[in-house]
Amino acid sequence: MSGSERRSLTAAIIAAAVLLAVSCGQWPTLLRPSYIGAVVLQCGVLALLLAAALPLRAGNAFGRMKGGASLALAGYALFLIAGSQWADWPVLSLAGAVTAVAGPLWAVLLGGVLCRPADARLVLRAVFFAGALAAATGLFWTLQTSGAEAIQMVMGHRNFLAIFVLPGLLLGGAELAARVTGRSAEVLALNRWAVGGGMVLMLAALGLCRSAGAFLSLCLGASCIAAFWMTRRQRWALAACAAALLIAAFLWTARAAHTGELMKSHHATRWYMWQGTLKMIAERPWGGWGTGMFALQFPPFKPTEPMRFNWLTSLTIYPHNELLLVTVEGGVAALALYLLAHVLAVRKRLTGTKEGAPVALADWALTGALAAMFMHGLVEVALRFWAPAAMYWTLLGLLIYRSGTEESPAPAPTQCRASPLAWVVFAAACALSAIALWCVVWPGLRSERLLNTSDSRAADATELAGEIAEALRLTRYTPDWLVGMGRLADAQAQAGDLDGMIRTYEEFHARAPGFGHVRRFLANAYLARAARRGPTAPEAGKADLARAVALLEDAVAANPYDPAARQSLAMALLTASLRNLPAALEHARASAQAAPESAEARYLHGALLLESGRKAEAARELEAAARLCPPGEERFREKIERARRDAVQDSAK
């Protein structure tokens, strides 16, 4: 191996380590707020790597950025940034736009500044090594802990690891297929044993991930690579078969969801998420709701049917479909630009050169890797998330570069002298990293430290509330601010500041009424204040009670299968000023049906049955509550037993 080849391999391994490092699952925990810190740092580190490792083109360095794919991606990014201004919360939407546009802009930059075919091969090798390194790390942790769930530690979730190893696995498969068919090693140009060993690691990790979406994506990517050896007619036949299978899968899913068969699997949540997302799109089809707004705007559109299986009851961050997410945030216009960029990048390269020369296997392999990640994004992972973002948009930028190599009649240079652009990119990357560290990373780390350590360090609950309030100030214009509001309210409750807790929940509810269980929390706070006011301020207590009942009714309407909301509403209806026993009994019954394993729900139902005179039914419910009462809850158990004895004695008379 020559010295230049050794340097190239070393650079590829270093780039792979950087690619894995900026994509690992620990960054979103360390870099707050939300994914913004991770994405900004990804871009800064990758740009520094690009400026330091690759000799950038001299002369008209941005010549390839004039291509249709680059212009469509840049237009998509700018449209999302502009669209954030007509969102319901423009500042929050603009913050969310960072994660949505960073990847496309990185692809545009990379496609414009790459210089030589050797640079492209270095990127492909880095992708392969990064996938193998991630798989090896996941397998090591799995062996250390003797549990298959440890495979997800490297990326934070098994689906994130699955989508990360897919490109490397497909590139390695294309390389080995080329060797078997007698072609030159034109994809990775690595030793076959090294390629085979890396593929074994990635296949083992992919098997432990147990991702149905990854299996489907792997089949699609392998089909793209297999198309290299097919005639044009065979490729059309393969595409028709793939489309028919996808349509059949969609129709089967629709039928299974309609008949209830799909309810046996958690994959039913995808179907209902997509239904709700389509309703959102229908309400704002052209401009969308704004980037980063899906989690806050989705609750009113969320279907209630799967909630009886305890699905879709918590916060839904994204719809598990890349195209639906793009459309709901940016509308049909953003979707058109997004799809146009991908179609132009792929079509231009796979249709061959102007002289009719055959398309290289590397192009089909690169397209297969992108298609696999894109397919996984349609059923599992958003491509803007930290795990797939750096790899996916790097591959798309590489495809844009390869698409532009045929525009110039001059052959690609074997060497490129460093141009002033290298220094511009280096300075811009340094500035971007500095901005990320000062404006995003440092406040995020500080707020995370305050939120995570204040419980142990605070001398009293008042100090705890003050520290959490300071943490919220640091994340004021991010989704994490909403998450921390609940912790502030809890701290205020511990300090006995009931009015402060109500103000916190009122602000929370005004900004995100469908977020989590904020309606129920605010209603319970109103009930507590109404009980405290009692006879001293009866009118104010009645007003709090009316607000609580209205909020709980909204919560039950949003999720009819929420047992906690039903229980709270039943208790509110039993207060002296309302005293609606039949309605309270109906909500208690619904709560017990929604949570048959809950001792609290069964006890409340039994107690109200006893109060309404249905002694035998009450005895059965209270016996069930006694069986379900958790250990250590002796006071609650005694309360159940007293009610059960009363029910048995009354029914025996």
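Filter the range 180-207 for residues that are within 22 Å of Arg235 (Cα to Cα) and open to solvent by 60 Å² or more (accessible area, probe 1.4 Å) and give the result.
Answer for the range 180-207, where residues must be within 22 Å of Arg235 (Cα to Cα) and open to solvent by 60 Å² or more (accessible area, probe 1.4 Å): Val180, Thr181, Gly182, Arg183.
What's the number of the only condition in (1) at positive phi; (2) assigned to a helix (DSSP H, G or I); (3) open to solvent by 40 Å² or more (accessible area, probe 1.4 Å) that Gly534 fails to meet?
With (1) at positive phi; (2) assigned to a helix (DSSP H, G or I); (3) open to solvent by 40 Å² or more (accessible area, probe 1.4 Å) applied to Gly534, the lone miss is (3).
Against the condition surrounded by 15 or more Cβ atoms within 10 Å (Cβ to Cβ), modelled with pLDDT under 75 and more than 20 Å from the chain's Cα centre (by Cα), how does Leu312 come out, does it pass?
no
Filter the range 550-572 down to residues that are part of a helix (DSSP H, G or I) and surrounded by 22 or more Cβ atoms within 10 Å (Cβ to Cβ), then give me how many there are.
11
Of all the residues that make up the range 253-298, how many are buried (at least 17 other Cβ atoms within 10 Å of the Cβ), small (Gly, Ala, Ser) and at pLDDT 65 or above?
The qualifying residues number 7.
Under 6 Å by Cβ, and 6 or more places apart or on different chains, what pairs join a residue from the range 633-647 that is basic (Lys, Arg) with one that is at pLDDT below 80 and open to solvent by 90 Å² or more (accessible area, probe 1.4 Å)?
none
Can you confirm whether Gly168 is in contact with a Phe, Trp or Tyr (Cβ under 7 Å, 6 or more places away or on another chain) and surrounded by 16 or more Cβ atoms within 10 Å (Cβ to Cβ)?
yes
Only one of Asp544, Asp499 is loosely packed, with under 15 Cβ neighbours inside 10 Å, farther than 26 Å from Lys302 by Cβ and at pLDDT 80 or above; which?
Checking each option against the conditions leaves just Asp499.
What's the number of the only condition in (1) at pLDDT below 85; (2) open to solvent by less than 80 Å² (accessible area, probe 1.4 Å) that Arg645 fails to meet?
Here Arg645 clears every test but (2).
Table: residues versus (1) open to solvent by 60 Å² or more (accessible area, probe 1.4 Å); (2) touching a residue at least 40 places away in the same chain (Cβ under 8 Å); (3) touching a Gly at 6+ places or on another chain (Cβ under 7 Å).
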site: Cys209; (1), (2), (3): no, yes, no
site: Ser217; (1), (2), (3): no, yes, no
site: Phe228; (1), (2), (3): no, yes, no
site: Arg232; (1), (2), (3): yes, no, no
site: Leu238; (1), (2), (3): no, no, no
site: Ala244; (1), (2), (3): no, no, no
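Could you list, in sequence order, the residues of the range 198-240 that are farther than 23 Å from Val127 by Cβ and part of a helix (DSSP H, G or I)?
Once the filter is applied, which keeps residues that are farther than 23 Å from Val127 by Cβ and part of a helix (DSSP H, G or I), the range 198-240 yields Ala212, Arg232, Arg233, Gln234, Arg235, Trp236, Ala237, Leu238, Ala239, Ala240.
Six or more apart or on different chains, Cβ atoms under 6 Å: show the pairs whose first residue is in the range 476-502 and farther than 24 Å from Leu92 by Cα and whose second is at pLDDT below 75 and buried (at least 18 other Cβ atoms within 10 Å of the Cβ).
Ala491/Leu464; Ala491/Ala465; Ala491/Ile468; Gln492/Ala465; Ala495/Ala465
Anything in the range 589-632 that is under 17 Å from Leu569 (Cα atoms), under 35 Å from the mean Cα position of the chain (by Cα) and open to solvent by less than 30 Å² (accessible area, probe 1.4 Å)? List them, or say none.
Across the range 589-632, the qualifying residues are Ala590, Ser591, Ala592, Ala595, Ser598, Ala601.
The values are calculated or read from the model by the stated rules, or taken from the named source; none is laboratory data. Everything quoted here is computed from the prediction, not taken from an experiment. Cβ sites come from the backbone with ideal geometry, for glycine too, and all protein chains shown count toward neighbours. Protein only, heavy atoms only, side chains kept; ligands, DNA and RNA dropped before computing areas. Shrake-Rupley method; radii C 1.70, N 1.55, O 1.52, S 1.80 Å.
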